[in-house]
Each structure stands twice: as structure tokens, then as C-alpha cells.
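Input: a single structure, listed below in C-alpha cells.
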Amino acid sequence: MKFMPDNSAEKASILLIYTGGTIGMKVDPADMALKPFDFGQILAEVPELGKFAYRIDSWTFERAIDSSDVEPSLWQSLARLIEEKYDKYDGFVILHGTDTMAFSASALSFMLEGLTKPVIFTGSQLPIGMARTDGKENLISSVEIAAAKQDDGHAVVPEVCICFDNMLMRGNRTTKANSDNFRAFISENCPPLAEAGIHIKYNTGNIIRPENPDGHVRAATKLDTRVSILKIHPGITPRVVRNILCGEETRAVILETYGSGNAPSAKWFLDIVREAAGMGKILLNVTQCLAGTVDMDRYATGKMLKDAGVIGGYDSTTESALAKLFYLMGKYADNDSVKRMLDIDLRGEISK
Ligand code: ASP
């Protein structure tokens with residue numbers, strides 16, 4: 001389906017939220033490193049935004065950050081801000097560094113319960129002041145998508161997304177896969193929700209519609225971050241595995257396994273997995289592969305994990321699995337409820 005830019009019809013209002021990242025950085029002559037600059041300069045750099053008949057307000061957090069410094073507290077602030085400003089705007093665009101954008105977009109997708117409006121994350125690989133920057137295109141497309149409405153006035157894309165290099169992707173399906181190219185993000189297990197060419201073409205069949213399109217968003221800001229990630233690799237040692245799986249600080253561990261959810265069949269490895277399961281840890285299996293799904297029934301090495309108490313994460317990204325665990329563990333004090341909810345597709349994050 002094609003939607004024309006909404007610059008003749010009813011005005012839309014957008015809140016542009018700046019958190020930091022390359023899009024708003026410039027070279028500091030003192031050490032030649034990229035550092036964040038004043039957000040006001042970004043709008044001055046993109047006069048094209050003025051051609052839309054939209055009201056675009058901006059919001060800057062006190063300190064613009066490189067997204068390597070993102071903490072869950074930023075997600076809580078973003079969720080609260082969107083909840084507070086929800087009635088005033090038709091859509092939200094969040095400027096964010098690319099390094100952890102997939103984590104933040106995943107987190108917000110779970111935390112914004114009952115979302116009915118677009119929340120579009122974007123950023124750039126080159127700072128906006130540079131001649132070949134990708135920041136302008138990314139920002140302009142994001143604003144247009146955040147403002148797009150259906151004939152009945154409801155948002156075309158009422159989801160948390162990442163818009164990058166002409167692709168609109170469901171946020172909790174994305175991974176940063178390239179540190180150099182303009183195509184920084186991939187969404188291998190979920191087709192794009194839109195593609196921007198001459199027109200923005202929306203894949204409406206893939207876009208999730210809210211149960212109550214006129215409802216108000218609720219920010220679920222209670223997060224439990226006691227999660228570790230164990231990436232399986234040849235040569236991994238019992239001590240490393242035990243430290244991560246049975247550590248006192250962890251309530252859940254994401255096992256990044258091979259292929260369709262396989263791990264070593266060595267007795268010591270399975271004994272530690274059983275020990276962790278016996279301690280009540282939530283053990284979630286996601287694949288190291290960029291595409292495809294976990295199916296622990298396919299190989300004996302996967303079956304052993306399942307029998308030892310590991311739960312399958314379907315085709316979830318690691319970023320999304322982490323965010324879903326933070327969110328569910330913040331909501332439920334008992335691990336059985338968390339495990340039950342992990343198996344449910346809450347925001348289009350897994351294919352079942
Ligand atoms: N280090 C930067 C950040 O994530 C990279 C970027 O913005 O692309 O904030």
C-alpha cells in the first residue's frame with residue numbers, strides 16, 4: 001500500500017526525542033574524536049523537515065550520550081516521557097546511537113503496553129553535518145512514517161520500529177550487523193514493515209494492529225536486569241559455564257547456542273545446566289545464527305538441553321530475548337510465570 005506524504009491534509013504532530021549518537025556528533029578538534037553537540041544544530045542541519053506540514057517539537061535529555069553508555073534507566077525515561085506526552089503527539093521519533101539501538105528498540109517494544117502510535121528509532125553512520133551523511137534521509141523518512149495515518153485517523157505503523165537506510169523494521173527483530181555500511185541493521189527473521197523509495201510502501205499485512213486502537217499507552221518501567229548471556233564456543237571451560245549459569249546474581253541466563261539450538265553434549269556441560277535449572281534459574285535458548293529458529297527437538301545435542309530444563313527462544317534475537325526477560329522479570333516475581341510468558345509472542349518478537 002502507498003501513502004502520500006501528509007503535507008496537504010490534516011497536520012500531524014511529532015515529538016523528536018534526542019538521546020545522542022553519531023547523528024548528533026561532531027569532531028572535537030582537541031582529540032579528533034566524535035562527541036555529541038547541541039541538538040538545536042541538528043534541526044538547523046535538516047531544513048527539509050520544514051517542508052512537511054507537521055508540527056515537530058523536540059526533546060533533549062540533559063546529556064546526549066554515545067549509545068554505548070545506554071542503561072535501562074534511559075529506557076525507563078523514554079517510556080515515561082512517551083506515556084506523559086502521548087495525547088499531544090501522533091508519533092515519536094527517537095534519535096539514538098546505532099550501537100545499542102536494537103536493545104533500546106526491543107526494550108521499548110515491551111515496556112510500551114497498549115501502544116497505538118508509531119515510535120521510530122533512527123540514527124546514522126555518518127554525523128549529520130557531513131556531506132554524505134545518511135542522517136538526513138533516515139530522519140526525514142522516520143518523521144514521515146511517524147506521521148502517517150490511515151483514512152480512519154489511526155496510525156499506519158503503531159509499533160516500535162527502527163528506520164534505517166530506507167527500511168522500516170520491527171524494533172524487536174533487529175540486530176546491528178554492520179559497523180561501516182549505511183545498511184547497519186538487519187531483521188532476518190521478519191520482513192520489513194515498510195520500504196522507502198519514491199513512495200513509502202507499507203507492508204500492511206505485517207504490521208501489528210493494537211487491540212484497542214484508541215487506548216492510552218502504559219509505561220511498564222519495572223525491570224529486573226539480573227540476566228547474563230553465555231555464548232557457547234568450542235573450548236569453553238566448566239569454570240566459565242558454572243560462573244555464568246550458577247552465579248548468585250543471575251535470575252536468568254540466555255544461552256546463545258549453535259544452529260538450531262545445539263550445545264556440547266559433554267557430561268560436565270549438561271551437569272552444570274541441570275545444576276542451574278535445579279537452582280531455579282530461567283535458562284533461555286537463542287541461536288547464534290542471524291536467521292532461523294531454535295528447535296531443540298531437531299538434534300540430540302539440542303534435545304539434551306531441553307531435557308535439562310532449557311526453554312526454547314524460537315527465532316528471537318539476543319537483544320529481544322534480553323529485553324523480554326528484563327520486562328517479564330520486572331512484572332512477575334515467580335519464575336514459572338516468566339517462563340510461561342516467554343513462550344508467548346507478545347509484540348511480534350518471535351514467530352510461532
Ligand atoms: N557509538 C555511536 C553510538 O552508538 C555509534 C552510532 O551512533 O552509530 O552512539
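The values are calculated or read from the model by the stated rules, or taken from the named source; none is laboratory data. The structure presented is a predicted model; accordingly, all values stated were derived computationally and were not measured. Don't worry about glycine lacking a Cβ; one is built from the backbone with ideal geometry, like all the others, and counts go over all protein chains shown.
For the reader, a short list of remarks on this structure follows.
- Within the option set LYS85, LYS11, being in a loop (DSSP other than H, G, I, E, B) and more than 16 Å from the ligand (Cβ to nearest atom) holds for one residue only, LYS11.
- Exactly one residue among SER68, SER77 is in a helix (DSSP H, G or I), within 16 Å of the ligand (Cβ to nearest atom) and out of contact with any helix residue (DSSP H, G or I) (no Cβ under 8 Å at 6 or more places or on another chain), and that residue is SER68.
- When the range 20-57 is limited to residues that are part of a strand (DSSP E or B) and within 20 Å of LYS117 (Cα to Cα), the one that is nearest to the ligand (Cβ to nearest atom) turns out to be ILE56.
- Of all residues making up the range 117-134, the number that are within 12 Å of the ligand (Cβ to nearest atom) and over 19 Å from the mean Cα position of the chain (by Cα): 5
- Selected residue (criterion: surrounded by the most Cβ atoms within 10 Å (Cβ to Cβ)) from residues of the range 246-262 that are small (Gly, Ala, Ser) and over 20 Å from ASP336 (Cα atoms): GLY261
- Single match in LEU108, LEU95, LEU112, LEU78 (criterion: within 20 Å of LYS149 (Cα to Cα) and surrounded by 17 or more Cβ atoms within 10 Å (Cβ to Cβ)): LEU112
- Test: ILE145 is more than 16 Å from the ligand (Cβ to nearest atom) and at pLDDT 95 or above: yes
- Within the range 294-311, the set of residues being out of contact with any Leu (no Cβ under 8 Å at 6 or more places or on another chain) and within 16 Å of VAL273 (Cα to Cα) comprises ALA300, THR301, GLY302, LYS303, LYS306, ASP307.
- Scanning the range 93-116 for residues that are among the hydroxyl-bearing types (Ser, Thr, Tyr), out of contact with any His (no Cβ under 9 Å at 6 or more places or on another chain) and more than 11 Å from the ligand (Cβ to nearest atom) gives SER106, SER109.
The rows are residues; the columns are (1) without any contact (Cβ under 8 Å) to a residue 40 or more places away in the chain; (2) buried (at least 23 other Cβ atoms within 10 Å of the Cβ).
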site	(1), (2)
ALA266	yes, no
THR287	yes, yes
TYR299	no, no
VAL310	no, yes
TYR314	yes, no
ALA333	yes, no
SER337	yes, no
GLY348	no, no
LYS352	yes, no
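- Condition met for ILE128 (crowded, with 22+ Cβ neighbours inside 10 Å, among the aliphatic types (A, V, I, L, M) and modelled with pLDDT of 95 or more): no
- The set of residues in the range 108-146 that are in contact (Cβ under 8 Å) with a residue 60 or more places away in the chain and part of a helix (DSSP H, G or I) comprises LEU108, SER109, PHE110, MET111, GLY135, LYS136, ASN138, LEU139, ILE140, VAL143, GLU144, ALA146.
- Restricting attention to the range 70-84, the residues that are over 16 Å from the mean Cα position of the chain (by Cα) and over 15 Å from PHE110 (Cα atoms) total 2.
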